[in-house]
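K.L.:
Have a look at this one before I ask anything.
The values are calculated or read from the model by the stated rules, or taken from the named source; none is laboratory data. Owing to the predicted nature of the structure, the values given are computational and were not obtained by experimental measurement. Here the Cβ positions follow ideal geometry from the backbone for every residue, glycine too, while neighbour counts run over all protein chains shown. Accessible surface areas use protein heavy atoms only, side chains included; no ligands, DNA or RNA. Shrake-Rupley method; radii C 1.70, N 1.55, O 1.52, S 1.80 Å.
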Amino acid sequence: MKVTVVGTGYVGLVTGVVLADMGNDVVCVDNDQEKLEKLRNGVSPIFELGVDELLRSTIADGFFRVTDSIAEGTKHADIVFIAVGTPPGPDGTPDVTAVKAVAKEIGRNIQHYTVVVNKSTVPVGTVDMVEEILIGQGCPREMFDVVSNPEFLREGTAVWDTKNPDRVVIGSRSEQAAAKLAELYAPLEKPTIFTDPYSAELIKYASNSFLAIKISFINAISRICEARGANVQDVAKGVGMDSRIGPKFLQAGLGWGGSCLPKDVAGLIKIAEGSDYDFALLKAADDINQDQTQHFLRRMEKRLGGFTGKTVALLGLAFKPNTDDIRDAKSLEMIETLLSKGAKIRAYDPVATENVRELWPQVDYVEHVYDVSDGADALVLVTEWNEFKSLDLSRLGACMKQKVLFDGRRLYSKANAERAGFEHFTIGS
Ligand code: UGA
């Protein structure tokens, strides 16, 4: 099938290369020339497992190309995906300016029946907005249908998730458009939900918000565990073995960050407000999340007797492992608080360092992981990178002023940390 994807962020680019890998004729559109240049050379502008390989192979096989022209992309395709950013506005309402601009340009250039697909996470009713824009550009109603087809990929495992989704959601008022999208996804052989566009738009917000609530719930339980001497890992295991609940997203830690959960939680709170509903449950989940890292910092401050003049070593900066994305990363909140309270910071991350350096040049970034703890008063595990699991804790501790470990992701067992001579603090026990 002939497919165009507008926007080459995580969602757009990964969707594009995976659809190309499935044998579709894909054009990806972006207005960032630097990105396009990289893409043309088979280099992914995002750090994401497997994308470079798919880019190179699909370009070589003639299934993938890029352009800066939405007009060209629209004329090329039977299906045009809108996959541009919808960042939160000042009050949390998603900003759909980019979606509007792209829809205008698509509307001006449709020359044959085209399915226009909203892949961006957009507020309920955006489908109508896009339809109106297309009509406003003079595009005859019978020439297009607008479909909502939200994406559920996670950063770090985006390619795998796109090839192996739990479900495909197709929100369409037109059977013709739904059938076309179903045909596109048929090779994945995954369960497909056909629904109306509003429900599809809401499925995305509800899914991300439910995941956030699940994490905040276990983080709230972790506070009780700490107070009562219970162990949150065992509690989560026992709770998660109930098949009605399930074990995933019950990992207590520093809280949820990234470009999606915080944005979509804020977005759904606003959507609820606009629907005359006060979503107190979701607000509470957000409050718990806001306090989670601060609570951990208060425990650190208490143990260290204040941060002034102390050196704190951070292991991990990315918002989660296997990505260089630092949007809403807990490391940033930690750095801000620690610096404001007079601490010195040394930090190591396998790939996200340069992104954080731009924001916080005053931090001492080390190139080799074992240098991070040199002279430190505390070692803090912020991101649970796989490679950190097998670190030699004794070696890390050997050069520290005080061997105190604050494990924000429950990566190390108390026994192992203590065997290496560390005083061990973690979330939820
Ligand atoms: C999330 C959703 O999981 C995807 O399904 C969705 O498609 C995506 O947002 C999006 O809307 O684009 P992502 O933000 O990439 O994906 O990352 P997650 O794996 O969901 O992690 C989010 C945050 O929750 C991270 O900060 C992570 O450390 C934290 N987390 C996750 C926990 O603290 N505990 C857990 O048990 C799981």
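K.L.:
Please report the relative contact order for the range 45-166, taking Cα pairs under 8 Å with a sequence separation of at least 6, and give it as a percent rounded to a whole number.
P.N.:
Relative contact order for the range 45-166 comes out at 26 percent.
K.L.:
So, with a 1.4 angstrom probe, what is the percent of accessible area on the range 286-426 that is carbon and sulfur?
P.N.:
Its accessible area is 45 percent carbon and sulfur atoms.
K.L.:
When all C-alpha to C-alpha distances in the range 245-375 are sorted into bins of 10 Å, what percent of pairs does each bin hold, rounded to whole numbers?
P.N.:
Result returned by the calculation: 11, 36, 32, 15, 5, 0.
K.L.:
Follow-up. Round to a whole angstrom and tell me the spacing of the C-alpha centers of the range 149-180 and the range 1-73.
P.N.:
17 Å
K.L.:
How much net charge surrounds VAL116 when only other residues with a Cβ under 9 Å from its Cβ are counted (Lys, Arg +1; Asp, Glu -1)?
P.N.:
That works out to -2.
K.L.:
Moving on to the next point. Local charge sum around GLY240 (other residues, Cβ-Cβ under 15 Å, Lys/Arg +1, Asp/Glu -1)?
P.N.:
Net of charged neighbours comes to +3.
K.L.:
For the range 42-55, take each phi angle, set θ = phi - 60°, evaluate the Karplus expression 6.51 cos²θ - 1.76 cosθ + 1.60, and give the result in whole Hz per residue in order, putting x for glycine and proline.
P.N.:
Ordered by residue, 3J(HN,Hα) equals x, 10, 6, x, 10, 8, 8, 3, x, 5, 4, 4, 5, 4 Hz.
K.L.:
Same structure again: For the range 81-182, report the % of Cα-Cα distances exceeding 24 Å.
P.N.:
Roughly 26 percent, rounded to a whole number.
K.L.:
Computed FRET efficiency, Cβ-Cβ of ARG154 and ALA206, R0 25 Å: what is it to the nearest 0.05?
P.N.:
About 0.90, to the nearest 0.05.
K.L.:
While we're here: Kirkwood Rh and Cα-based Rg: tell me the resulting Rg over Rh for the chain, rounded to two decimals.
P.N.:
Taking Rg over the Kirkwood Rh, I get 1.01.
K.L.:
Would you kindly derive the ³J(HN,Hα) couplings of the range 125-132 from the backbone phi angles with the Karplus curve 6.51 cos²θ - 1.76 cosθ + 1.60 (θ = phi - 60°), listing them in order in whole Hz, with x for Gly and Pro?
P.N.:
Each residue's phi maps through the Karplus curve to give x, 4, 3, 5, 4, 5, 4, 4 Hz.
K.L.:
Right, something else. Measuring with a 1.4 Å probe in the full set of protein chains, what accessible area per residue, in whole Å², belongs to the range 2-195? Spell out each step's value before the answer.
P.N.:
On the way: 8000 Å² over 194 residues.
I get 41 Å² per residue for the range 2-195.
K.L.:
While we're on this one: Please state the relative contact order of the chain as a whole percent: Cα pairs under 8 Å, 6+ residues apart? Before the final figure, lay out each step's value.
P.N.:
On the way: 856 pairs, mean separation 48.6, N = 429.
Across the chain, relative contact order equals 11 percent.
K.L.:
Carbon-plus-sulfur fraction of the accessible area of the range 2-195, 1.4 Å probe, in percent?
P.N.:
Reported share for carbon and sulfur atoms: 51 percent.
K.L.:
Next question, about the same structure. Rounded to the nearest 500, what is the chain's calculated 222 nm mean residue ellipticity when only DSSP H runs of at least 4 contribute -39500 (n - 2.57) each, over all residues?
P.N.:
Counting only the DSSP helices, I get -13500 deg cm²/dmol.
K.L.:
Amide H neighbours of ILE345 under 5 Å, at least 5 residues apart or on other chains, H built in the peptide plane: list them.
P.N.:
VAL312, ASP364
K.L.:
Once amide H atoms are built 1.01 Å from N in the peptide plane, which residues 5 or more positions from THR426, or in another chain, come under 5 Å H to H?
P.N.:
Correct list: ASP407.
K.L.:
If we sort 312-318, 234-240, 347-353 on the protection proxy, mean other Cβ atoms within 10 Å, highest first, what's the order?
P.N.:
Descending packing order for the listed peptides: 312-318, 347-353, 234-240.
K.L.:
Work out, step by step, the length gained on full extension between ASP287 and ASP374: first 0.36 nm times the residue separation, then minus their alpha carbon distance; give nm to one decimal.
P.N.:
27.8 nm
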